[in-house]
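Notes to accompany the following structure.
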Amino acid sequence: MRSFLLFLLLLTIFSLSIHSAPIQTAIRRSPTTYYNCTSNYTPSPNNSYRSNIKTLLDWLSSNSTSKDRFYNTTVSSKNTAGTVYGLFFCQRYTKINLCQECVIEAAKLMSTLCNVAKEAIVWHKICFLRYSNRYFFSTVETSPKISFMNDKDYEGQVGHFNNILWDMMNNLRTEAASASEKFAVQSINITVNQTLYGSAWCMPYLSTENCSWCLSDAIAEIPTSCCRGKTGGRVIYPSCSVRYELFPFFNTSTWEPLLLSPPPPHSPPSTTTAGKRKQQTLTIFEVVVPIVISLVLLSLGCYCFLRKKGRKNQEDILKQSCNEGVVGHDTTTLESLRYDLAKIEAATNKFSKENMIGKGGFGEVFKGVLPDGNEVAVKRLSRKSWQGIEEFKNEVSLIAKLQHKNLVKLLGYGLEGEEKFLIYEFMANKSLDKFIFDSEKRSQLDWKTCYGIIIGIARGLLYLHEESRLRIIHRDLKPNNVLLDRDMVAKISDFGMARIFCENQNAANTKRVVGT
């Protein structure tokens, strides 16, 4: 009870302060050059690091004619502290000569702007340069981040626009992650006279899983800290990037976008046919309404019958959860999220007790480390789960569509025999209640940290209630369902997966995702 009251107090403080503390999260115009220099070192006559940086930049410039528009290399020395790792990357839809010009310019800028930095990143026009004293070629990095948005708000059916944008971005994520060059572009007709263009790319050295993971994070920034409701925007991470515009920003003669044409909105009737259409509308109304009423009554009867027998159809549940209609599962998306049991057993040391980090009515939670070094939380579901395979896949597909930086991210799932498990991003600081009721940890909850947690919770709830395609009410929100990452960023958990499990009667009213 104490934790719940404190939680309500935090949300109340947030509601009073949110209007007086606007947060700037994105740059409105894309600058020609953006750079980030970190961890300065102290130059010395015997320091080989600086000379190795110069050698690295020379190598990058001289290899900028690569047809791959990507090149990474390492400059080493006898002293391992002097080793430098670096790369350049150009947009795939740019000409090679323009890529070369950009890389040469960026290398000169980097040597000037970051001349004593251990790590440096420069985004310049159409290219990206980076070097570091640590090996980063196989890891996913989402910091530092930069996002740009267009000044102009979208004029028209914003909900229709957001739905198309969401679908396009998720298609791009799947396509780019599975492509050998880790790049994809698409264009989609919004109306007869308006086309939406999008792109997504990852560093070529990323695995399919890591690329999908990185792009999911970037896409989740679009409706939150980047460019909500804008006609264009982009999110750039060191490991990946996404972009959308209402104008073609890639070479359509080189890359052939996938054209998907949703039906355009109906135009108003002309004055010459208004009378006839009105008569037709009345006729259709007289015929359709009785049919609809009959179908509704029949559906209610079937629903009550099934409920008495204790069996609920998954498809009906998903229809209630989604404003736009039925949500099925995309086979390609599901396969990209699937992990085999052997891989997860290896990551969790065969679900050993030493790796267990939690246990609840849904099952046991284990910490795991994937072969690429990424830490994950694996929820091994109770074998009392009543769902069939297709229902489980539908539910995973539904929750995977909910992507926001303040929701715990579902990374994948597994299904082998009676084993069902879910794979989430790992939260290093566990749950909020661990800090509230621990006298030592409570001291870490200063005002700045509390305010950031409140902001995160509110943004996550706003997304679930208003901004996601599936309007979901979190009916079990409490401090132990608010998880904290290494930077104390709040992420809501258990916001829909309760639908999968068998619980006791006291929790029967929280078994499924609820639409509003």
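So here's what we get for this one:
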item	result
Summed residue charge, Cβ within 12 Å of Phe137's Cβ, Lys/Arg positive, Asp/Glu negative	0
Tyr451 paired with Thr74, simple spin-label distance in nm, labels 7 Å along Cα-to-beta-carbon	4.4
Amide H partners (placed H, <5 Å) of Leu411, local residues excluded	Ile423, Tyr424, Glu425
Radius 13 Å from Cβ of Gly358, net charge of other residues (Lys, Arg +1; Asp, Glu -1)	+4
Trp201, Trp447, Trp166, Trp213 arranged by Cβ crowding within 10 Å, fewest neighbours leading	Trp447, Trp166, Trp213, Trp201
Around Glu181: net Lys/Arg minus Asp/Glu count, Cβ-Cβ under 10 Å	+2
In order through region 374-380: 3J(HN,Hα) via Karplus (6.51 cos²θ - 1.76 cosθ + 1.60), integer Hz, x for Gly, Pro	6, 8, 9, 10, 10, 9, 8
Net charge dipole size for region 33-132 [Lys, Arg +1 and Asp, Glu -1 on Cβ; Debye, nearest 20]	100
Of Lys343/Lys441; Lys350/Lys393; Lys125/Lys343; Lys230/Lys491; Lys125/Lys152; Lys182/Lys230, those spanning more than 31 Å from alpha-carbon to alpha-carbon	Lys343/Lys441; Lys125/Lys343
Region 33-132 - convex hull of alpha carbons, volume per residue in Å³	79
At q = 0.19, 0.22, 0.25, 0.26 Å⁻¹, base-10 log of I(q)/I(0) for region 116-157 (Debye sum, equal scatterers on each alpha carbon)	-0.76, -0.91, -1.07, -1.13
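Read the figures in this text as sums done on the coordinates, not as results from a lab. These figures come from a predicted structure and were not determined experimentally. No Cβ is skipped: glycine too gets one built from the backbone with ideal geometry, and neighbour counts run over all protein chains shown.
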